[in-house]
Amino acid sequence: MVNQVLAHVGNTPFDLIDYCRSKGILVEAYSPVAHGAVLKDPGLRAIADRYSVSVPQLCIRYCLQLDLAPLPKTMNPAHMRDNADVDFVISDADMRGLQSTCEGTDYGEASMFPVFGKKRQAEPTTTER
Ligand SMILES: NC(=O)c1ccc[n+]([C@@H]2O[C@H](COP(=O)([O-])OP(=O)(O)OC[C@H]3O[C@@H](n4cnc5c(N)ncnc54)[C@H](OP(=O)(O)O)[C@@H]3O)[C@@H](O)[C@H]2O)c1
């Protein structure tokens, strides 16, 4: 079984991931580079520079080290090749730091979508139930 959820640096639902693991469910991480929003973050850029990788590579590797299956999206073949070239290891200390980096990510235009804006759908009315 597979559960596909929003998961990226600074926004990783560990309770849900732990629950899925306990039931043998693979977690797929959609929007692993936060819909592109994390590309602007200078802190992430600095960490990525230490590993001589791009910010998307760092974000994708973060998901892999959590045993998630990241689903990056790109229209650019060069980006696609970079995103598959993630044969490096992020230290435990950096993995912990990446959990809380970029908290409160501004998803830009994508914020209008409930899934990115973290808005919950309205409770169903009595008649809808
Ligand atoms: N189940 C759901 O509810 C749900 C919701 C949202 C998304 N998804 C799925 O998850 C996948 C990813 O969604 P997403 O669009 O939010 O993805 P994402 O991978 O977080 O972000 C995509 C953005 O990052 C940029 N990017 C990717 N790799 C890059 C690189 N190496 N260098 C520079 N920029 C890079 C892309 O631009 P370029 O094209 O220029 O590279 C694009 O603007 C999609 O396939 C989507 O179908 C599922």
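Some notes on this structure:
- Based on the convex hull around the alpha carbon atoms, the stretch 1-112 presents an average projected area of 7.3 nm².
- The relative contact order of the stretch 32-75, computed from alpha carbon pairs under 8 Å that lie at least 6 residues apart in sequence, is 41 percent.
- DSSP-defined antiparallel bridges as percent of all bridges, the chain, nearest 5: 10 percent
- Heavy-atom accessible area per residue - the chain, 1.4 Å, Å²: 63 Å²
- Where 45, 21, 50 fall by accessible area, highest first, once all protein chains stay in place (1.4 Å): 50, 21, 45
- FRET efficiency, residue 103 to residue 71 (Cβ-Cβ, R0 22 Å, nearest 0.05): 0.50
The values are calculated or read from the model by the stated rules, or taken from the named source; none is laboratory data. Keep in mind that what you see is a predicted model, and the values were worked out from it rather than measured. All Cβ positions, even for glycine, are placed from backbone atoms using ideal geometry, and neighbour counts span all protein chains on display. Note: accessible area is taken over every heavy atom of the protein model, side chains too, but ligands, DNA and RNA are not part of it. Shrake-Rupley method; radii C 1.70, N 1.55, O 1.52, S 1.80 Å.
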